[in-house]
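A short write-up of the structure that comes next.
The values are calculated or read from the model by the stated rules, or taken from the named source; none is laboratory data. Please read these numbers as outputs of a predicted model, since none were measured by experiment. Quick reminder, even Gly has a Cβ in these numbers, built from the backbone with ideal geometry, and neighbours come from all protein chains shown.
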Amino acid sequence: MSTTPRSDPLAFLEAEVAALRERNLYRALRVMSSAQGPIVSVDGRRVISLSSNDYLGLTHHPRLKAAAAAAASEFGVGSGAVRTIAGTMSMHEALEAELATFKEVPAVLTFQSGFTANTGVIPAITGETDLIVSDALNHASIIDGMRLSKAPRRIYPHADVEALDAILSEVIETGRDGSGEPYRLILVVTDGVFSMDGDIAPLPGIVASAEAHGAAVFVDDAHASGVLGRDGRGSVDHFGLHGRVAIQVGTLSKAVGALGGYVAGPTALRELLTQRARPFLFSTSHPPAVVAACREAIRVMVEEPDLHERLWANTRRFKAELARLGFDTGRSETPITPVMMGDPEMAMRFSDRLMGEGVFAQPVVYPTVALDQARIRTIVTAAHADDQLDAALGAFAVAGRELGLIGG
């Protein structure tokens, strides 16, 4: 047997990248050299951005910047440890208490991101004697959280409450592995707002079905946090379902304007996660500046309701004009507005053509969406001015006509 080492064990990676390029599935990283906002510098050009999750424009809000600067000056740039050693500061606990009040739940625990919140909580609370029932289009972080769990899972077609109800009826009747023994926990998991399509989960029907079968509901509100409900309290508040959803996961990285995620629910859930959730146990806690910015963001969302009003006014206007031009925006109900292309190559070409017209709107292709569901994913924010939206819509019209996607 030869013992000669291979010259380059990772040589196959170049072929993988080349294959992505050939299939129009390779996306080069765009580089920003400015602050986030409605106008940004990307690859050395000043362009209108429709690609940020900064729904309320809080990434550059003066109150958040002042709070972050003051915290960094007083407490330094890092916390120095994980929460369970020396990384829990009084401000971390204050943020969690304020979030619990905001979300109207008994307790909140913060994580480094919404992704780590999902991959932390799902395997921590589910195991072999439990069942996870998930929407087919749930976020990748939910999928990874389920993969890390030993619990079996069932998938129901996207937003199909009747199919969910049928699955729950079946598993209640058959029990674990068809034995008739009941599951310890049946956890129904759904996004609140679906990040690629912009539609809202039919949460009232999901909750009613879960309650009828003794299941618990888990909602990932990443794109509903700061967007839906009173002052941005999320999809549970939007539908008036307080007290009927067991677990809510949210983000501090999108509408809140800073960084992080959180899990909201009963006090016992928070206590268990501090002992079992691996991202919490093995990651350094948020820097003081981030915590201070998040705390100030909650106050801003409550005290400046005009931000939400502007966000939704811009959203309605942008969607209506895209529809008038003849673009297909799918089933979106929120500021996430996909412009459907279908073909990945067309999505890439369309994005490049928009860039030529001074508009930064990124293509989304497989594996983020199905191969034939490529799109331009846009988000308008509260920070966009009318003339900026007019210019962006003009760019869509020019690119759409040139590429034959809409009529002349």
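Of all residues being part of a helix (DSSP H, G or I) and in contact with a His (Cβ under 7 Å, 6 or more places away or on another chain) in the stretch 266-309, which is surrounded by the most Cβ atoms within 10 Å (Cβ to Cβ)? Just the residue, please.
Among those that are part of a helix (DSSP H, G or I) and in contact with a His (Cβ under 7 Å, 6 or more places away or on another chain), it is 291.
For the stretch 231-247, which residues satisfy the criterion of being in a loop (DSSP other than H, G, I, E, B), in contact with a helix residue (DSSP H, G or I) (Cβ under 7 Å, 6 or more places away or on another chain) and either over 23 Å from residue 268 (Cα atoms) or of a type in the set (Lys, Arg) (or both)?
233, 239, 244
Would you say residue 110 is among the polar types (S, T, N, Q), in contact with a Gly (Cβ under 7 Å, 6 or more places away or on another chain) and either assigned by TED's automatic domain parsing to the domain that holds residue 289 or surrounded by fewer than 13 Cβ atoms within 10 Å (Cβ to Cβ) (or both)? Don't jump to the end; show me each part of the working.
Values: among the polar types (S, T, N, Q): yes; in contact with a Gly (Cβ under 7 Å, 6 or more places away or on another chain): yes; either assigned by TED's automatic domain parsing to the domain that holds residue 289 or surrounded by fewer than 13 Cβ atoms within 10 Å (Cβ to Cβ) (or both): yes.
Spelling it out, residue 110 is indeed among the polar types (S, T, N, Q), in contact with a Gly (Cβ under 7 Å, 6 or more places away or on another chain) and either assigned by TED's automatic domain parsing to the domain that holds residue 289 or surrounded by fewer than 13 Cβ atoms within 10 Å (Cβ to Cβ) (or both).
Could you please let me know if residue 236 is aliphatic (A, V, I, L, M), over 12 Å from the mean Cα position of the chain (by Cα), closer than 22 Å to residue 306 by Cα and assigned by TED's automatic domain parsing to the domain that holds residue 126?
Working: aliphatic (A, V, I, L, M): yes; over 12 Å from the mean Cα position of the chain (by Cα): yes; closer than 22 Å to residue 306 by Cα: yes; assigned by TED's automatic domain parsing to the domain that holds residue 126: yes.
Yes: the conditions hold for residue 236.
With the structure loaded, tell me whether residue 263 is outside any loop (DSSP other than H, G, I, E, B), of a type in the set (Val, Ile, Thr), touching a residue at least 40 places away in the same chain (Cβ under 8 Å) and out of contact with any Gly (no Cβ under 8 Å at 6 or more places or on another chain) or whether it fails that test. Let's see the steps before the verdict.
Details: outside any loop (DSSP other than H, G, I, E, B): yes; of a type in the set (Val, Ile, Thr): yes; touching a residue at least 40 places away in the same chain (Cβ under 8 Å): yes; out of contact with any Gly (no Cβ under 8 Å at 6 or more places or on another chain): no.
When the stated conditions are applied, residue 263 does not pass them.
Based on what the data block shows, is residue 177 of a type in the set (D, E, K, R) and surrounded by 22 or more Cβ atoms within 10 Å (Cβ to Cβ)? Let's see the steps before the verdict.
Numbers: of a type in the set (D, E, K, R): yes; surrounded by 22 or more Cβ atoms within 10 Å (Cβ to Cβ): no.
Here the answer is no, as residue 177 does not meet what is asked.
What tally of residues in the stretch 1-60 results from selecting those that are assigned to a loop (DSSP other than H, G, I, E, B), within 24 Å of residue 301 (Cα to Cα) and of a type in the set (Ser, Thr, Tyr)? Please lay out each step first, then the result.
The first filter runs over the stretch 1-60 and keeps only residues assigned to a loop (DSSP other than H, G, I, E, B), leaving 1-11, 23-31, 33-38, 43-44, 50-57.
Now narrow it down to the ones that are within 24 Å of residue 301 (Cα to Cα): 35-38, 50-57.
Right, trim to of a type in the set (Ser, Thr, Tyr) and you get 51-52, 55.
Of the residues in that region, 3 qualify.
Out of the residues in the stretch 319-344 that are in contact with a helix residue (DSSP H, G or I) (Cβ under 8 Å, 6 or more places away or on another chain) and more than 24 Å from residue 202 (Cα to Cα), state the one that is surrounded by the most Cβ atoms within 10 Å (Cβ to Cβ).
Only one residue fits best here, namely 341.
In the set 209, 253, 169, 179, which member is under 25 Å from residue 338 (Cβ atoms) and either in contact with a helix residue (DSSP H, G or I) (Cβ under 8 Å, 6 or more places away or on another chain) or without any contact (Cβ under 8 Å) to a residue 60 or more places away in the chain (or both)?
Exactly one of 209, 253, 169, 179 is under 25 Å from residue 338 (Cβ atoms) and either in contact with a helix residue (DSSP H, G or I) (Cβ under 8 Å, 6 or more places away or on another chain) or without any contact (Cβ under 8 Å) to a residue 60 or more places away in the chain (or both), namely 253.
So residue 347 clears everything in (1) more than 30 Å from residue 140 (Cα to Cα); (2) buried (at least 23 other Cβ atoms within 10 Å of the Cβ) except one condition, right? Which one?
(1)
Please determine, by comparing only the residues of the stretch 241-258 that are over 14 Å from residue 224 (Cα atoms) and out of contact with any strand residue (DSSP E or B) (no Cβ under 9 Å at 6 or more places or on another chain), which one is surrounded by the fewest Cβ atoms within 10 Å (Cβ to Cβ).
Checking each candidate, the answer is 243.
How many of the residues making up the stretch 310-332 are free of Cβ contacts under 8 Å to residues at least 40 places away in the same chain and within 16 Å of residue 381 (Cα to Cα)?
Summing the residues that are free of Cβ contacts under 8 Å to residues at least 40 places away in the same chain and within 16 Å of residue 381 (Cα to Cα) in the stretch 310-332 gives 5.
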